[in-house]
Amino acid sequence: MIKLTTQQIADILNAKLIGSGDIMVETTSTDTRQAVENGLFFALKGEHFDAHHYLKSAVKQGCVAVVVERESDIDVPQIVVADTRLAFGELAKWLKAKLNPKTVAMTGSSGKTTVKEMTAKILQKMTACEEDVLYTFGNLNNDLGVPMTLMRLTEQHKYAVIELGANHIGEIAYTTEIVKPDACLVNNVAAAHLAGFGSLDGVAKAKGEIYRGLKDGGKAIVNLAFYYPQWQKEIGSNEIQSFSYVGSDSDSYADYWADEVELLLNGSRFTIHTPQGDIKVELPYLGRHNVSNALAATSLAMSVGATLAAVKAGLEQRLMVKGRLYPLQINENCLFIDDTYNANVDSMKSAISVLQHYPAYRIFVVGDMAELGEESTQCHQDVADFAQQAELDLIVSFGKESAVISQNPQHHFIDKQQMVGFLMTIILQKIKQKQPLVLLAKGSRSQKMETVISELCHQFHINF
């Protein structure tokens, strides 16, 4: 964040200032558990908490001013607003507009974090310093996470790569208005968070809100495999570009597409076709779905000036992230893959496709998919049908609804320790037989399937 006085902040927020207007603020905070230096504390309120009760704790942690909805007995300047959450977003919006780095944004039902990481790597290759690119940390992609990311902007940043998530209509409309990207895209649309969106059309409507916040003259990038005509209203007169990878001749109608695709055990190899020319890429990400993610990242990065050389260099560099097809080599014949970060129908199918291609004994450890509302039973059945067609060697399930995926009462568990014991018997048997084995675990966050991977690793004295 750039340095601002309390008076400047009050003016930006059109707020009442109590106390000195000359106090210099250098950072922002919403958490009294974190120490800051010359911080501005936003006293947020929620259904079960009110940070106004902890203002003195914020001051002890280094905050020199506070943004509040009501005056308090505290000896630092107070900036009084009607809604601290909205004020937090408003200050982030002002900072973004003031510094104005080239900015791209992405959303989608799955893969958006991978697209964010790929895009950031490409743009880092365009700068002399990786710190010139700001990008969303972790999954801070909601109405608070997006402003938190933008609050980290400084004059140094040449690019910003912002991930937008949502679990209800209107959330992306709010965050994209704060971000005001130069280019943005919807990576895909799938059955996820249906309890909040109501239907697949509801998901498409919510994701399509990202195009509403484009800068005038910005680029709206669409995935031809998931394009919804109703998005045209949100796109308006802005330029449309497209990407596509479904593995057919129809891909060539897109601005960005791939062919000569080879799926490898450690990634993939393919040619990317772009409006600026073609380039061969060796991608260190597993699965055909990541070919599509690479095209999405390429289209975003090139929309703000990335070169083909930067695309190649960025895509061929990978930061391994736990929970996202994270490989754990147990021994020369045994591999665990941690894909437990989250799950919906499309990402489940992608994981199965990755596992399917390994020349080994293939075990799929699956937990329930959450937040699917009335469609939950059908969604689990869709995954079950896909898994059956993949002809995996063993499917083991955990939870309330995933039993249909394993399709065997003896392979469904409601106790993870029992599941781990069952799996260890099979894994040790295959190791003794020197038979290659690959185990992939996946499920929604609520299922915490990473604990299965952790316990299995512990059995082999491997840190996870």
In degrees, nearest 10, the alpha-carbon axis of helix 416-432 is tilted away from the dominant principal axis of the alpha carbons of the chain by 50 degrees
For segment 169-185, what does the Karplus curve 6.51 cos²θ - 1.76 cosθ + 1.60, with θ = phi - 60°, yield as ³J(HN,Hα) per residue in whole Hz, taken in order and with x for Gly and Pro? 4, x, 5, 6, 4, 5, 6, 5, 5, 6, 6, 6, x, 7, 8, 7, 8
What aspartates and glutamates could a cross-link reach from residue 205, if we take a straight Cα to Cα line under 12 Å and drop same-chain neighbours fewer than 8 places away? 171, 234
Residues residue 56 and residue 16, FRET efficiency given R0 of 30 Å [Cβ-Cβ distance, rounded to 0.05]: 0.90
Using 7 Å Cα-to-Cβ label points, what is the residue 411/residue 129 separation (nm, one decimal)? 5.4 nm
Long-range amide H partners of residue 152, meaning residues 5 or more apart or on another chain whose placed amide H is closer than 5 Å, are none
Averaged per residue, what accessible area in Å² does the chain show with a 1.4 Å probe, protein chains only? 43 Å²
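Of the DSSP beta bridges with both residues in segment 326-460, give the percent that are antiparallel, rounding to the nearest 5.
Close to 20 percent.
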Filter on 102/219; 158/215; 93/215; 349/430; 207/280 - keep pairs with C-alpha separation over 22 Å: 349/430; 207/280
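How much of the accessible area of the chain, probe 1.4 Å, is carbon plus sulfur, in whole percent?
48 percent
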Given [x] 20, 45, 24, 9, 1; [y] 23, 50, 25, 1; [z] 26, 55, 19, 0, which label gives P(r) over Cα pairs in 20 Å bins from 0, in percent as computed from the coordinates? [y]
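For the full complex of protein chains and a 1.4 angstrom probe, list 280, 45, 116 by accessible area with the highest value first.
Working: 280 125, 45 85, 116 0 Å².
Per-residue accessible area, sorted high to low, gives 280, 45, 116.
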How many nm separate the modelled label positions at residue 26 and residue 318, each set 7 Å beyond the Cα in the direction of the Cβ? 4.0 nm
At 1.4 Å probe size, with no ligands or nucleic acids counted, give the accessible surface of residue 70 in Å², nearest ten. 100 Å²
Using a/c under 1.5 as the rounded threshold, could you call segment 284-437 rounded, prolate or oblate? The axes a ≥ b ≥ c are square roots of the C-alpha gyration tensor eigenvalues, and prolate needs a/b larger than b/c, oblate otherwise. oblate
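The values are calculated or read from the model by the stated rules, or taken from the named source; none is laboratory data. From a predicted model like this one, the values you see are computed outputs, not experimental measurements. As a convention, Cβ positions derive from the backbone with ideal geometry for all residues, glycine included, and neighbour counts pool all protein chains shown. Accessible surface areas use protein heavy atoms only, side chains included; no ligands, DNA or RNA. Shrake-Rupley method; radii C 1.70, N 1.55, O 1.52, S 1.80 Å.
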